[in-house]
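Colleague: Below you will find the structure I want to go over with you.
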Amino acid sequence: MTRRTIQRTRRRATTPSDDGDRGLAAAIVHSIAQKYGEGAAQVFDERDEIQGAITGYISTGCFAIDRIIQRPGIPLGRLTTIVGEEGSGKSTMAAHIMAEVQRMGGLVVLADAENAFDPDRAPALGVDASQVVWLRSTNLQETINEIIDVIGLIREEAANIPVAIIWDSISQTPPKEELDDPFGTPHMALHSRYVSAAMRRLVPLIASTQVALVFVNQYREDIGKMGFGPKKTMLAARAIRFASTVIFELTKIGKVGDSKAPDGIEVKVYTYKNKVGKPFRTAIVDLLFGGNPGEPAGWDNAGALLKAAVEADIVQKGASGYFKYTAWDGSFRKAKFGDVLAAHPEILDRLSAMELPEEEEPDDEIADLVGDAEADDA
């Protein structure tokens with residue numbers, strides 16, 4: 001018998017069968033459960049019974065953004081972070097997630113440190129402000145403890161509804177020491193240390209719930225950075241970056257309508273991190289200001305769908321701002337596309353079935369923005 005034949009024989013002899021795998025796995029699960037308690041170990045046979053498995057998704061309210069996640073939205077039981085500069089649509093994106101949760105029959109909990117949520121504008125974004133639970137804590141430690149208490153109550157009540165806990169924004173919530181000490185007292189990296197410790201408690205807590213934890217974060221100027229590259233960072237960047245399942249970076253790249261009196265802004269939404277799909281995907285979406293009764297506000301979802309349909313050659317763009325769909329009688333303008341979609345839902349089905357084009361180069365600019373955790377509070 002040759003050496004190669006002996007090696008094949010040994011490989012066959014040491015390769016366990018499926019039944020053997022299952023028997024050994026069951027034995028390990030049983031042994032660990034006896035020693036450490038029921039549920040200490042599990043096998044991914046019954047996904048619904050696995051502690052920590054993603055149980056569902058919440059739409060972002062925009063087809064183009066959901067499409068770059070490659071899921072129906074942000075995952076339940078996970079942390080999602082929205083980061084960007086001022087006026088880039090972070091709070092509006094959070095409000096759209098709130099509206100989608102309520103549309104699903106779920107609950108919204110909001111920690112609004114910036115007072116960015118406007119109850120009067122909420123209906124234009126689809127949010128019922130009267131059904132939002134507001135956490136009115138004044139400092140970082142209180143907010144973290146209140147969120148932990150809310151998650152604990154949800155776990156205790158075994159709530160079978162989706163819950164979104166929005167923190168807007170984590171970077172603007174001051175530590176208690178900053179409020180109690182004389183104004184101007186330095187607290188080197190105190191904020192970041194508290195947030196880092198909170199991540200180690202919050203992420204495991206939400207893993208077995210239908211809670212989507214959403215952090216809104218901001219860019220800050222990194223005054224200690226010299227040389228080339230962006231001189232900005234975000235608070236507790238390392239801790240939040242590691243703990244997040246999805247990270248959106250929002251960048252304002254233009255205006256919609258008249259440049260002197262615009263109706264909105266054009267926003268680039270970039271998935272810097274995505275553990276439920278492929279990262280480094282970009283969507284360009286219009287964000288409309290609204291304001292007056294009947295005016296559209298928030299993401300221009302119909303516009304995003306129309307753009308995707310044109311790029312996929314499902315809808316043809318003609319001259320003078322008119323569009324053509326083969327099953328629609330006559331041409332139409334952009335504002336009419338909502339009626340076309342209502343009459344022809346197959347457009348959305350065809351778009352959903354299509355894969356995203358590959359990005360030519362991943363935009364890793366955010367990798368230069370995280371900085372050191374010790375310098376985040378500079």
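Colleague: With 285, 340 as the choices, which residue is closer than 25 Å to residue 99 by Cβ, assigned to a helix (DSSP H, G or I), touching a strand residue (DSSP E or B) at 6+ places or on another chain (Cβ under 8 Å) and open to solvent by less than 60 Å² (accessible area, probe 1.4 Å)?
Modeller: Every option except 340 fails the conditions.
Colleague: Further, regarding this structure: Could you please find all residues in segment 298-317 being open to solvent by less than 40 Å² (accessible area, probe 1.4 Å), outside any helix (DSSP H, G or I) and over 19 Å from residue 267 (Cβ atoms)?
Modeller: Residues satisfying the conditions are 312, 314, 315.
Colleague: What's the number of the only condition in (1) open to solvent by 30 Å² or more (accessible area, probe 1.4 Å); (2) closer than 23 Å to residue 210 by Cβ; (3) not aliphatic (A, V, I, L, M) that residue 80 fails to meet?
Modeller: (1)
Colleague: Answer yes or no: is there a residue in segment 122-137 that is of a type in the set (Val, Ile, Thr), modelled with pLDDT of 95 or more and touching a Gly at 6+ places or on another chain (Cβ under 8 Å).
Modeller: no
Colleague: Would you list the strands (runs of 3 or more DSSP E) that sit entirely within segment 148-264 and hold 1 or more residues that are more than 26 Å from residue 103 (Cβ to Cβ), open to solvent by less than 50 Å² (accessible area, probe 1.4 Å) and among the polar types (S, T, N, Q)?
Modeller: 211-221, 232-234, 246-256
Colleague: Hey, another quick one. What single numbered condition from (1) touching a strand residue (DSSP E or B) at 6+ places or on another chain (Cβ under 6 Å); (2) outside any loop (DSSP other than H, G, I, E, B); (3) surrounded by 14 or more Cβ atoms within 10 Å (Cβ to Cβ) fails to hold for residue 276?
Modeller: Unmet for residue 276, out of (1) touching a strand residue (DSSP E or B) at 6+ places or on another chain (Cβ under 6 Å); (2) outside any loop (DSSP other than H, G, I, E, B); (3) surrounded by 14 or more Cβ atoms within 10 Å (Cβ to Cβ): (2).
Colleague: Go through segment 96-108 and count every residue that is touching a strand residue (DSSP E or B) at 6+ places or on another chain (Cβ under 7 Å), assigned to a helix (DSSP H, G or I) and of a type outside the set (D, E, K, R).
Modeller: So the answer is 5.
Colleague: Answer yes or no as to whether residue 54 is outside any helix (DSSP H, G or I), at negative phi, open to solvent by 10 Å² or more (accessible area, probe 1.4 Å) and touching a residue at least 40 places away in the same chain (Cβ under 8 Å).
Modeller: So residue 54 passes the test.
Colleague: Which condition number in (1) under 24 Å from residue 187 (Cα atoms); (2) free of Cβ contacts under 8 Å to residues at least 60 places away in the same chain is the one that residue 233 fails?
Modeller: It fails just one condition, (2).
Colleague: Got a sec? Which of 168, 120 is farther than 20 Å from residue 57 by Cβ and out of contact with any Lys or Arg (no Cβ under 8 Å at 6 or more places or on another chain)?
Modeller: When all the criteria are applied, what remains is 120.
Colleague: In this structure, is residue 74 modelled with pLDDT of 95 or more and under 12 Å from the mean Cα position of the chain (by Cα)?
Modeller: The answer is yes for residue 74.
Colleague: In this structure, is residue 119 open to solvent by 60 Å² or more (accessible area, probe 1.4 Å) and not in a helix (DSSP H, G or I)?
Modeller: Here the answer is yes, as residue 119 does meet what is asked.
Colleague: For segment 129-152, what are the residues that are closer than 15 Å to residue 201 by Cα and of a type in the set (A, V, I, L, M)?
Modeller: Within segment 129-152, 140, 144, 147, 148, 150, 151 qualify.
Colleague: Could you tell me whether residue 111 is touching a Ser or Thr at 6+ places or on another chain (Cβ under 6 Å), in a loop (DSSP other than H, G, I, E, B), among the small types (Gly, Ala, Ser) and open to solvent by less than 60 Å² (accessible area, probe 1.4 Å)?
Modeller: No, not satisfied.
The values are calculated or read from the model by the stated rules, or taken from the named source; none is laboratory data. All of these numbers come straight from a predicted model, not from anything done at the bench. Note that each Cβ is placed from the backbone with ideal geometry, even for glycine, and that neighbours are counted across all protein chains shown. Ligands, DNA and RNA are excluded from the accessible area calculation, which covers all protein heavy atoms including side chains. Shrake-Rupley method; radii C 1.70, N 1.55, O 1.52, S 1.80 Å.
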